[in-house]
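The values are calculated or read from the model by the stated rules, or taken from the named source; none is laboratory data. Predicted model, so just to flag it, every value in this text is computed and none were measured. Ideal geometry is used to build each Cβ from the backbone, glycine not excepted, and the neighbour counts take in all protein chains shown. Each accessible area value is taken on the protein alone, full model and side chains, heavy atoms only, with ligands, DNA and RNA left out. Shrake-Rupley method; radii C 1.70, N 1.55, O 1.52, S 1.80 Å.
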Amino acid sequence: MEIRELTKEIRDRSIEYAKPKELDRLAASWYQDDLLYSGVGKSIFLIVPTPGCSWALGPSGGCTMCSYISDCYLKPIENDKIIELFEREMDKYDYKADYAEGKPIAIKMFASGSFLNPEEVPIEARDYILKKLASIDEISEIIVESRPEYVSEEVLDEIFDIIGDKLFEISIGLETYNQDTRLNKINKGFSNESFEKAIGIIKNAKSKYNIKSKAYVFVKPILTSEKEAIDEAIETGNYCESIGVDRISCCPATIHKGTLIERLWRRGAYNPPWIWSAVEVINTIRQNVSIPAFMDTSGFGSRRGPYNCKKCNKELKHKIIDSNLDQSLIEHDCDCKKEWMAEVKFSDLNKSKTFIKHLPLY
(Lines give C-alpha, C1' and ligand atoms only; values in the text may rest on other atoms or scores of the structure.)
Protein backbone atom coordinates (compact mmCIF):
# COMPACT_ATOMS: atom_id res chain seq x y z
CA MET A 1 0.00 0.00 0.00
CA GLU A 2 1.30 3.49 -0.90
CA ILE A 3 1.91 6.01 1.87
CA ARG A 4 -0.83 8.29 0.56
CA GLU A 5 -3.39 5.47 0.60
CA LEU A 6 -2.43 4.42 4.11
CA THR A 7 -2.48 8.01 5.38
CA LYS A 8 -5.96 8.46 3.90
CA GLU A 9 -7.21 5.24 5.55
CA ILE A 10 -5.88 6.31 8.95
CA ARG A 11 -7.22 9.84 8.56
CA ASP A 12 -10.70 8.68 7.54
CA ARG A 13 -10.83 6.27 10.47
CA SER A 14 -9.74 9.03 12.86
CA ILE A 15 -12.46 11.36 11.58
CA GLU A 16 -15.09 8.60 11.72
CA TYR A 17 -14.45 7.98 15.42
CA ALA A 18 -13.81 11.60 16.39
CA LYS A 19 -16.11 13.04 19.04
CA PRO A 20 -18.18 16.10 18.08
CA LYS A 21 -16.29 19.32 18.81
CA GLU A 22 -17.57 22.40 20.59
CA LEU A 23 -16.78 25.31 18.30
CA ASP A 24 -16.20 27.78 21.13
CA ARG A 25 -13.39 25.59 22.47
CA LEU A 26 -11.52 25.36 19.18
CA ALA A 27 -10.35 28.98 19.33
CA ALA A 28 -7.37 29.31 21.65
CA SER A 29 -4.47 31.63 22.30
CA TRP A 30 -1.43 32.28 24.44
CA TYR A 31 0.97 35.17 24.96
CA GLN A 32 4.71 34.88 25.47
CA ASP A 33 8.18 36.30 24.93
CA ASP A 34 9.35 36.04 21.35
CA LEU A 35 12.05 37.27 18.99
CA LEU A 36 10.45 39.59 16.46
CA TYR A 37 12.09 41.17 13.43
CA SER A 38 12.37 44.36 15.49
CA GLY A 39 13.88 42.61 18.52
CA VAL A 40 12.81 40.73 21.63
CA GLY A 41 9.18 41.42 22.41
CA LYS A 42 5.86 39.64 22.85
CA SER A 43 3.71 37.58 20.53
CA ILE A 44 0.04 36.68 20.68
CA PHE A 45 -0.36 33.13 19.37
CA LEU A 46 -3.96 32.74 18.21
CA ILE A 47 -5.70 29.70 16.74
CA VAL A 48 -8.49 30.67 14.34
CA PRO A 49 -11.16 27.93 14.10
CA THR A 50 -11.67 26.54 10.57
CA PRO A 51 -13.40 23.61 8.86
CA GLY A 52 -9.97 21.99 8.49
CA CYS A 53 -6.90 21.75 6.28
CA SER A 54 -7.98 21.15 2.66
CA TRP A 55 -4.92 18.99 2.01
CA ALA A 56 -5.68 16.72 4.96
CA LEU A 57 -9.40 16.49 4.17
CA GLY A 58 -8.83 15.73 0.49
CA PRO A 59 -7.91 12.46 -1.24
CA SER A 60 -4.27 12.75 -0.13
CA GLY A 61 -5.08 12.18 3.55
CA GLY A 62 -2.67 14.95 4.52
CA CYS A 63 0.79 14.80 6.03
CA THR A 64 2.04 11.70 7.83
CA MET A 65 2.81 13.51 11.09
CA CYS A 66 0.03 16.11 11.25
CA SER A 67 -3.15 15.97 13.34
CA TYR A 68 -4.41 19.45 12.46
CA ILE A 69 -7.87 18.16 11.60
CA SER A 70 -8.32 16.97 15.17
CA ASP A 71 -8.25 20.67 16.12
CA CYS A 72 -10.79 21.66 13.47
CA TYR A 73 -14.57 21.80 13.26
CA LEU A 74 -14.82 19.64 10.10
CA LYS A 75 -17.97 21.57 9.12
CA PRO A 76 -18.57 25.02 7.60
CA ILE A 77 -18.28 27.92 10.05
CA GLU A 78 -20.13 31.21 9.68
CA ASN A 79 -17.94 34.27 9.17
CA ASP A 80 -19.56 35.98 12.15
CA LYS A 81 -18.58 33.07 14.41
CA ILE A 82 -14.95 33.10 13.28
CA ILE A 83 -14.86 36.85 13.92
CA GLU A 84 -16.54 36.50 17.32
CA LEU A 85 -13.98 33.94 18.50
CA PHE A 86 -11.08 35.98 17.12
CA GLU A 87 -12.30 39.02 19.07
CA ARG A 88 -12.75 36.93 22.21
CA GLU A 89 -9.15 35.74 22.13
CA MET A 90 -7.74 39.18 21.33
CA ASP A 91 -9.47 40.67 24.37
CA LYS A 92 -7.56 38.40 26.75
CA TYR A 93 -4.20 40.19 26.64
CA ASP A 94 -2.87 43.49 27.93
CA TYR A 95 -0.34 43.90 25.11
CA LYS A 96 -0.72 47.67 25.26
CA ALA A 97 1.05 47.71 28.63
CA ASP A 98 3.99 45.76 27.21
CA TYR A 99 4.10 48.07 24.20
CA ALA A 100 4.19 51.08 26.53
CA GLU A 101 7.29 49.55 28.13
CA GLY A 102 9.00 49.48 24.74
CA LYS A 103 8.34 45.88 23.74
CA PRO A 104 7.35 45.26 20.11
CA ILE A 105 4.19 43.17 19.66
CA ALA A 106 3.41 40.55 17.02
CA ILE A 107 0.49 38.25 16.35
CA LYS A 108 0.86 34.75 14.97
CA MET A 109 -2.35 33.28 13.61
CA PHE A 110 -2.73 29.56 13.12
CA ALA A 111 -5.63 28.25 11.08
CA SER A 112 -4.69 24.57 11.44
CA GLY A 113 -4.02 24.74 7.72
CA SER A 114 -3.64 27.68 5.32
CA PHE A 115 -4.75 31.16 6.34
CA LEU A 116 -4.55 32.22 2.68
CA ASN A 117 -6.90 29.48 1.46
CA PRO A 118 -10.43 30.98 1.22
CA GLU A 119 -11.95 27.50 1.65
CA GLU A 120 -10.41 27.40 5.14
CA VAL A 121 -10.52 31.07 6.16
CA PRO A 122 -13.25 32.83 4.12
CA ILE A 123 -12.19 36.12 2.54
CA GLU A 124 -14.77 38.09 4.54
CA ALA A 125 -13.43 36.76 7.85
CA ARG A 126 -9.81 37.11 6.68
CA ASP A 127 -10.32 40.75 5.72
CA TYR A 128 -12.12 41.58 8.97
CA ILE A 129 -9.26 40.11 10.99
CA LEU A 130 -6.65 42.00 8.94
CA LYS A 131 -8.57 45.29 9.24
CA LYS A 132 -8.80 44.83 13.00
CA LEU A 133 -5.06 44.17 13.26
CA ALA A 134 -4.28 47.10 10.96
CA SER A 135 -6.18 49.37 13.37
CA ILE A 136 -4.11 48.29 16.39
CA ASP A 137 -1.04 50.53 16.48
CA GLU A 138 0.72 48.37 19.06
CA ILE A 139 0.87 45.34 16.75
CA SER A 140 3.66 45.75 14.19
CA GLU A 141 4.03 42.21 12.83
CA ILE A 142 1.39 39.80 11.52
CA ILE A 143 2.41 36.17 10.90
CA VAL A 144 0.26 33.56 9.18
CA GLU A 145 0.76 30.05 7.82
CA SER A 146 0.00 28.78 4.33
CA ARG A 147 0.81 26.10 1.81
CA PRO A 148 2.79 27.57 -1.12
CA GLU A 149 0.04 27.19 -3.73
CA TYR A 150 -2.05 29.90 -2.05
CA VAL A 151 0.71 32.52 -2.24
CA SER A 152 0.06 34.82 -5.18
CA GLU A 153 0.61 38.44 -6.20
CA GLU A 154 -3.14 38.99 -6.18
CA VAL A 155 -3.52 37.76 -2.60
CA LEU A 156 -0.59 39.88 -1.42
CA ASP A 157 -2.10 42.97 -3.07
CA GLU A 158 -5.39 42.30 -1.28
CA ILE A 159 -3.67 41.88 2.08
CA PHE A 160 -1.47 44.97 1.89
CA ASP A 161 -4.36 47.11 0.67
CA ILE A 162 -5.71 46.42 4.16
CA ILE A 163 -2.68 46.32 6.47
CA GLY A 164 -0.58 49.06 4.88
CA ASP A 165 3.02 49.14 6.08
CA LYS A 166 2.74 46.54 8.84
CA LEU A 167 5.14 43.62 8.51
CA PHE A 168 3.48 40.49 7.16
CA GLU A 169 5.20 37.11 7.33
CA ILE A 170 4.03 33.99 5.51
CA SER A 171 5.21 30.77 7.15
CA ILE A 172 5.33 27.70 4.90
CA GLY A 173 5.84 24.09 5.96
CA LEU A 174 8.69 23.19 3.65
CA GLU A 175 9.77 20.45 6.13
CA THR A 176 12.84 19.40 4.10
CA TYR A 177 14.87 20.35 1.06
CA ASN A 178 14.77 16.67 0.05
CA GLN A 179 11.86 16.39 -2.37
CA ASP A 180 11.74 12.60 -2.14
CA THR A 181 11.36 12.77 1.65
CA ARG A 182 8.74 15.49 1.42
CA LEU A 183 6.64 13.64 -1.12
CA ASN A 184 7.10 10.01 -0.08
CA LYS A 185 7.71 10.13 3.68
CA ILE A 186 5.82 13.26 4.72
CA ASN A 187 3.20 13.24 1.94
CA LYS A 188 3.35 17.02 1.69
CA GLY A 189 2.20 17.13 -1.89
CA PHE A 190 4.32 19.95 -3.31
CA SER A 191 7.66 20.15 -5.05
CA ASN A 192 10.77 22.27 -4.48
CA GLU A 193 9.70 24.22 -7.56
CA SER A 194 6.36 25.12 -5.95
CA PHE A 195 8.06 26.25 -2.74
CA GLU A 196 10.66 28.30 -4.63
CA LYS A 197 7.90 29.91 -6.69
CA ALA A 198 6.12 31.07 -3.51
CA ILE A 199 9.36 32.40 -2.02
CA GLY A 200 10.06 34.16 -5.32
CA ILE A 201 6.67 35.90 -5.22
CA ILE A 202 7.38 37.06 -1.66
CA LYS A 203 10.88 38.27 -2.57
CA ASN A 204 9.59 40.21 -5.58
CA ALA A 205 6.89 41.82 -3.45
CA LYS A 206 9.50 43.28 -1.08
CA SER A 207 10.00 46.17 -3.49
CA LYS A 208 6.58 47.53 -2.49
CA TYR A 209 5.53 45.68 0.68
CA ASN A 210 6.93 44.96 4.14
CA ILE A 211 6.79 41.20 3.66
CA LYS A 212 8.85 38.28 4.96
CA SER A 213 8.91 34.49 4.66
CA LYS A 214 9.57 31.68 7.11
CA ALA A 215 10.11 27.98 6.49
CA TYR A 216 9.22 25.22 8.91
CA VAL A 217 11.78 22.40 9.00
CA PHE A 218 10.57 19.01 10.24
CA VAL A 219 13.16 17.04 12.19
CA LYS A 220 12.96 13.25 11.70
CA PRO A 221 10.26 12.14 9.27
CA ILE A 222 9.24 8.48 9.26
CA LEU A 223 11.61 5.90 7.71
CA THR A 224 14.55 8.15 8.58
CA SER A 225 17.47 7.32 10.87
CA GLU A 226 18.67 9.67 13.61
CA LYS A 227 21.74 10.64 11.56
CA GLU A 228 19.73 11.14 8.38
CA ALA A 229 17.27 13.33 10.27
CA ILE A 230 20.04 15.56 11.62
CA ASP A 231 21.87 15.87 8.31
CA GLU A 232 18.71 16.56 6.33
CA ALA A 233 17.47 19.26 8.71
CA ILE A 234 20.85 21.02 8.64
CA GLU A 235 20.99 20.91 4.84
CA THR A 236 17.43 22.25 4.72
CA GLY A 237 18.57 25.28 6.71
CA ASN A 238 21.29 25.92 4.16
CA TYR A 239 18.82 25.52 1.29
CA CYS A 240 16.36 27.96 2.85
CA GLU A 241 18.93 30.72 3.14
CA SER A 242 20.21 30.08 -0.39
CA ILE A 243 16.80 30.75 -1.97
CA GLY A 244 15.98 33.80 0.15
CA VAL A 245 13.87 32.59 3.08
CA ASP A 246 13.96 35.16 5.90
CA ARG A 247 13.64 32.87 8.95
CA ILE A 248 13.68 29.18 9.83
CA SER A 249 11.69 27.33 12.48
CA CYS A 250 12.72 23.74 13.25
CA CYS A 251 10.00 21.39 14.48
CA PRO A 252 11.17 18.04 15.91
CA ALA A 253 8.63 15.25 15.54
CA THR A 254 6.04 14.57 18.21
CA ILE A 255 3.50 11.75 18.05
CA HIS A 256 -0.04 12.95 17.35
CA LYS A 257 -3.14 10.80 17.37
CA GLY A 258 -4.70 9.65 14.15
CA THR A 259 -1.52 9.85 12.08
CA LEU A 260 0.71 7.43 10.24
CA ILE A 261 3.62 8.43 12.44
CA GLU A 262 1.60 7.26 15.46
CA ARG A 263 0.86 3.93 13.74
CA LEU A 264 4.57 3.28 13.19
CA TRP A 265 5.46 4.43 16.72
CA ARG A 266 2.93 2.04 18.27
CA ARG A 267 4.47 -0.82 16.30
CA GLY A 268 8.02 0.03 17.42
CA ALA A 269 9.05 1.15 13.93
CA TYR A 270 9.61 4.82 14.82
CA ASN A 271 10.81 7.02 17.67
CA PRO A 272 10.88 10.83 17.88
CA PRO A 273 14.36 12.37 17.75
CA TRP A 274 16.56 12.84 20.79
CA ILE A 275 16.63 16.34 22.25
CA TRP A 276 20.36 16.13 21.59
CA SER A 277 19.54 15.83 17.90
CA ALA A 278 17.47 19.01 18.12
CA VAL A 279 20.41 20.76 19.78
CA GLU A 280 22.81 19.54 17.09
CA VAL A 281 20.46 20.74 14.37
CA ILE A 282 19.83 24.23 15.75
CA ASN A 283 23.45 24.85 16.77
CA THR A 284 24.77 23.84 13.36
CA ILE A 285 22.14 25.81 11.44
CA ARG A 286 22.93 28.93 13.47
CA GLN A 287 26.61 28.47 12.68
CA ASN A 288 25.92 27.93 8.97
CA VAL A 289 23.36 30.63 8.13
CA SER A 290 22.94 34.32 8.83
CA ILE A 291 19.13 34.32 9.14
CA PRO A 292 17.35 33.72 12.48
CA ALA A 293 16.69 30.06 13.28
CA PHE A 294 14.31 28.82 15.96
CA MET A 295 13.69 25.47 17.62
CA ASP A 296 10.18 24.49 18.68
CA THR A 297 10.16 22.60 22.00
CA SER A 298 6.59 21.25 21.91
CA GLY A 299 6.41 17.83 23.50
CA PHE A 300 10.01 17.84 24.73
CA GLY A 301 10.52 15.41 27.58
CA SER A 302 7.15 13.71 27.09
CA ARG A 303 6.39 10.12 26.12
CA ARG A 304 5.31 11.21 22.64
CA GLY A 305 8.00 13.80 22.03
CA PRO A 306 11.77 14.31 21.81
CA TYR A 307 13.43 12.83 24.88
CA ASN A 308 16.89 12.52 26.45
CA CYS A 309 16.72 11.43 30.09
CA LYS A 310 14.89 12.62 33.16
CA LYS A 311 18.05 14.27 34.40
CA CYS A 312 18.43 16.77 31.54
CA ASN A 313 15.13 16.99 29.66
CA LYS A 314 13.70 20.01 31.47
CA GLU A 315 16.92 22.00 31.80
CA LEU A 316 17.87 21.52 28.17
CA LYS A 317 14.37 22.45 27.00
CA HIS A 318 14.59 25.77 28.85
CA LYS A 319 18.04 26.45 27.42
CA ILE A 320 16.65 26.00 23.92
CA ILE A 321 13.74 28.34 24.67
CA ASP A 322 16.13 30.99 25.98
CA SER A 323 18.40 30.58 22.95
CA ASN A 324 15.49 31.33 20.62
CA LEU A 325 15.43 34.86 22.00
CA ASP A 326 19.13 35.65 21.63
CA GLN A 327 20.04 33.14 18.88
CA SER A 328 22.93 31.83 20.95
CA LEU A 329 24.47 28.37 20.71
CA ILE A 330 23.30 25.85 23.30
CA GLU A 331 25.89 24.37 25.64
CA HIS A 332 25.07 21.47 27.91
CA ASP A 333 26.34 18.06 28.94
CA CYS A 334 24.84 14.94 30.46
CA ASP A 335 25.74 11.27 30.73
CA CYS A 336 23.01 10.37 28.22
CA LYS A 337 24.83 12.28 25.50
CA LYS A 338 27.18 9.32 24.97
CA GLU A 339 24.21 7.05 24.29
CA TRP A 340 22.86 9.54 21.76
CA MET A 341 26.24 9.79 20.04
CA ALA A 342 26.41 6.00 19.73
CA GLU A 343 22.91 5.87 18.25
CA VAL A 344 23.75 8.54 15.70
CA LYS A 345 26.94 6.70 14.75
CA PHE A 346 25.21 3.38 14.17
CA SER A 347 21.66 4.52 13.36
CA ASP A 348 21.98 3.91 9.63
CA LEU A 349 22.91 0.29 10.32
CA ASN A 350 19.99 -0.20 12.70
CA LYS A 351 17.40 1.76 10.75
CA SER A 352 13.99 0.12 10.71
CA LYS A 353 13.39 -2.13 7.71
CA THR A 354 9.62 -1.86 8.09
CA PHE A 355 7.90 -1.34 4.75
CA ILE A 356 4.63 0.54 4.62
CA LYS A 357 3.02 -2.05 2.35
CA HIS A 358 3.41 -4.70 5.07
CA LEU A 359 1.79 -2.66 7.84
CA PRO A 360 -1.73 -3.75 8.86
CA LEU A 361 -4.27 -0.93 8.64
CA TYR A 362 -5.98 -1.64 11.99
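A few remarks follow.
Yes/no per residue for (1) more than 19 Å from the chain's Cα centre (by Cα); (2) closer than 20 Å to Lys227 by Cβ; (3) of a type in the set (A, V, I, L, M, F, W, C):
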{"site": "Trp276", "(1), (2), (3)": "yes, yes, yes"}
{"site": "Val279", "(1), (2), (3)": "no, yes, yes"}
{"site": "Val289", "(1), (2), (3)": "yes, no, yes"}
{"site": "Thr297", "(1), (2), (3)": "no, no, no"}
{"site": "Arg304", "(1), (2), (3)": "no, no, no"}
{"site": "Tyr307", "(1), (2), (3)": "yes, yes, no"}
{"site": "Cys312", "(1), (2), (3)": "yes, no, yes"}
{"site": "Glu315", "(1), (2), (3)": "yes, no, no"}
{"site": "Ile330", "(1), (2), (3)": "yes, yes, yes"}
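- Residue, nearest to Arg13 (Cα to Cα), within the stretch 247-266, restricted to residues that are of a type in the set (A, V, I, L, M) and part of a helix (DSSP H, G or I): Leu260
- Considering the stretch 21-58, the residues that are free of Cβ contacts under 8 Å to residues at least 60 places away in the same chain and among the charged types (D, E, K, R) include one that is nearest to Lys96 (Cα to Cα), namely Arg25.
- Scanning the stretch 127-153 for residues that are open to solvent by less than 10 Å² (accessible area, probe 1.4 Å) and in a helix (DSSP H, G or I) turns up Ile129, Leu130, Leu133, Pro148.
- Against the conditions (1) open to solvent by 40 Å² or more (accessible area, probe 1.4 Å); (2) part of a helix (DSSP H, G or I), Leu74 satisfies every one except (2).
- Residue in the stretch 85-93 that is without any contact (Cβ under 8 Å) to a residue 12 or more places away in the chain, open to solvent by 20 Å² or more (accessible area, probe 1.4 Å) and either acidic (Asp, Glu) or on the phi > 0 side of the Ramachandran plot (or both) present: yes
- Qualifying residue in the stretch 31-47 (condition: modelled with pLDDT under 95 and closer than 27 Å to Ile261 by Cβ): no
- Checking each residue of the stretch 70-85 against the condition of being within 25 Å of Trp265 (Cβ to Cβ), out of contact with any Leu (no Cβ under 9 Å at 6 or more places or on another chain) and modelled with pLDDT under 95 gives at least one match.
Quick grid of which residues meet (1) open to solvent by 30 Å² or more (accessible area, probe 1.4 Å); (2) over 14 Å from the mean Cα position of the chain (by Cα):
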{"site": "Ile211", "(1), (2)": "no, yes"}
{"site": "Lys214", "(1), (2)": "no, no"}
{"site": "Asn238", "(1), (2)": "yes, yes"}
{"site": "His256", "(1), (2)": "yes, no"}
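- Residue satisfying all of: in the stretch 291-310; in a loop (DSSP other than H, G, I, E, B) and touching a helix residue (DSSP H, G or I) at 6+ places or on another chain (Cβ under 7 Å); most open to solvent (accessible area, probe 1.4 Å) among these: Tyr307
- Just one of (1) hydroxyl-bearing (Ser, Thr, Tyr); (2) open to solvent by less than 60 Å² (accessible area, probe 1.4 Å); (3) within 15 Å of Glu145 (Cβ to Cβ) fails for Ser60. It is (3).
- Those residues of the stretch 155-209 which are among the acidic types (Asp, Glu) and either farther than 21 Å from Leu36 by Cα or over 17 Å from the mean Cα position of the chain (by Cα) (or both), in sequence order: Asp157, Glu158, Asp161, Asp165, Glu175, Asp180, Glu193, Glu196
- Those residues of the stretch 110-137 which are more than 20 Å from the chain's Cα centre (by Cα) and of a type in the set (Phe, Trp, Tyr), in sequence order: Tyr128
- For the stretch 33-55, filtered to residues that are open to solvent by 60 Å² or more (accessible area, probe 1.4 Å) and touching a helix residue (DSSP H, G or I) at 6+ places or on another chain (Cβ under 9 Å), the residue that is farthest from Tyr95 (Cα to Cα) is Val40.
- Some residue of the stretch 27-46 being part of a strand (DSSP E or B) and of a type in the set (Val, Ile, Thr): yes
- Test: residue in the stretch 202-217 that is of a type in the set (Gly, Ala, Ser), over 14 Å from Arg147 (Cβ atoms) and assigned to a helix (DSSP H, G or I): yes
- Some residue of the stretch 138-154 being among the β-branched types (Val, Ile, Thr), more than 21 Å from the chain's Cα centre (by Cα) and within 17 Å of Met109 (Cα to Cα): yes
- Every residue from the stretch 1-26 that is part of a loop (DSSP other than H, G, I, E, B) and open to solvent by less than 60 Å² (accessible area, probe 1.4 Å): Ala18, Lys21
- Some residue of the stretch 99-119 being open to solvent by less than 20 Å² (accessible area, probe 1.4 Å), polar (S, T, N, Q) and either assigned to a helix (DSSP H, G or I) or out of contact with any strand residue (DSSP E or B) (no Cβ under 9 Å at 6 or more places or on another chain) (or both): yes
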